[in-house]
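Worksheet for the structure shown next.
The values are calculated or read from the model by the stated rules, or taken from the named source; none is laboratory data. All values derive from a computational prediction rather than experimental measurement. Here the Cβ positions follow ideal geometry from the backbone for every residue, glycine too, while neighbour counts run over all protein chains shown.
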Amino acid sequence: MAEKLGPVSRERLEKNLEAVRAEIAAAATKSGRDADAVRLIAVTKYVGAEEVAQLLELGVKDIGENRIQEAETKKAVLEKHAGVFHLIGHLQTNKADKAAKLFDCIHSIDSDRVAVAINKEAQKGGRAALPCLLEVNVAGEANKYGLAPDETTLCKMVEFMGTLSSLRVTGLMAMAPFAENPEPTSRPVFKRLRELRDAVARSTGVALPELSMGMTQDYAIAIEEGATMVRVGSALFA
Ligand SMILES: *Cc1c(COP(=O)(O)O)cnc(C)c1O
């Protein structure tokens, strides 16, 4: 899946991290937002536990992984540095038990079934309700997961999540199509996700503060459109 890179030096990580933080700050300023309102989720699927440790030491708080197995190899590092672990990739119901144990936030809830499975496992853990986001396939891409981008579907799902006592739905997540020049393709996706969030929050009365959108190709655009979490991988390891 994610192609692995060789070891990345601490110097390079530090330099790249600084550049990403500067771009986050610039995009926030440009759109009249507070840079503190945007959480950088460092996506570490390309690298090993050593780079994860270094990022956490450099002050990154949030780490994202898209596969359970990969997350298992890094969990000890997260715990040691009190990092917040985000599942950003597709979740299969048969991996719900592991996901509930490994992660602090799940960005990829895309069906009743998976929500029920993860709720059941989260209940066993006996901890505070697990924050979850609903993944929305805004661009309707056949190769992407996610709920349909319509208000009725999302309202129903938010209401259903309200019946699951060990989960707490906090917002929406989306990915824009891959593009060399993302401006014309990503911006409408992010804008649509924000509009859907606003509409669903209004209709259901459930506060949905989080918008997880934007990756290396388009995180500045996402911030301009209201992202509260950007999931950045490649830019940190270039
Ligand atoms: C890999 C991945 C990212 C990060 O992608 P980059 O282009 O490397 O920044 C973000 N979100 C998801 C869901 C991913 O799988």
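Before moving on, here are some points about what is shown:
- No other residue among R202, R187, R192 is touching a strand residue (DSSP E or B) at 6+ places or on another chain (Cβ under 9 Å) and either away from the ligand (no atom under 14 Å from the Cβ) or at positive phi (or both) apart from R192.
- Just one of (1) part of a loop (DSSP other than H, G, I, E, B); (2) more than 16 Å from the ligand (Cβ to nearest atom); (3) within 23 Å of A99 (Cα to Cα) fails for G226. It is (3).
- Contact annotation: residue pairs with Cβ atoms under 6 Å, 6 or more positions apart or on different chains, pairing a residue in region 197-220 that is assigned to a loop (DSSP other than H, G, I, E, B) with a partner that is among the small types (G, A, S) and more than 16 Å from the ligand (Cβ to nearest atom), are L208/A201.
- Close pairs (9 angstrom Cβ cut-off, 6 or more residues apart or separate chains): under 16 Å from A207 (Cα atoms) in region 160-176, among the small types (G, A, S) and within 16 Å of the ligand (Cβ to nearest atom) anywhere: G171/S212; L172/S212; M173/S108; M173/G146; M173/S212
- Residue in region 182-195 that is closer than 30 Å to A76 by Cβ and modelled with pLDDT of 95 or more present: no
- Search result, residues across region 21-44 that are within 14 Å of A235 (Cα to Cα), crowded, with 19+ Cβ neighbours inside 10 Å and not polar (S, T, N, Q): I24, L40, I41, A42, V43
- Among the conditions (1) away from the ligand (no atom under 11 Å from the Cβ); (2) crowded, with 17+ Cβ neighbours inside 10 Å, M173 misses just one, which is (1).
- Residue within region 94-104 that is of a type in the set (S, T, N, Q) and buried (at least 20 other Cβ atoms within 10 Å of the Cβ) present: no
- Residue within region 94-101 that is at positive phi and not polar (S, T, N, Q) present: no
- In this structure, R231 qualifies as outside any helix (DSSP H, G or I), within 30 Å of R127 (Cα to Cα) and within 12 Å of the ligand (Cβ to nearest atom).
- Looking only at region 205-219, residues that are within 12 Å of the ligand (Cβ to nearest atom) and not charged (D, E, K, R) come to 7 in all.
- The set of residues in region 189-230 that are within 18 Å of L87 (Cα to Cα), surrounded by fewer than 20 Cβ atoms within 10 Å (Cβ to Cβ) and of a type in the set (A, V, I, L, M) is empty.
- Number of the exception - H107 against (1) buried (at least 18 other Cβ atoms within 10 Å of the Cβ); (2) over 23 Å from K191 (Cα atoms): (2)
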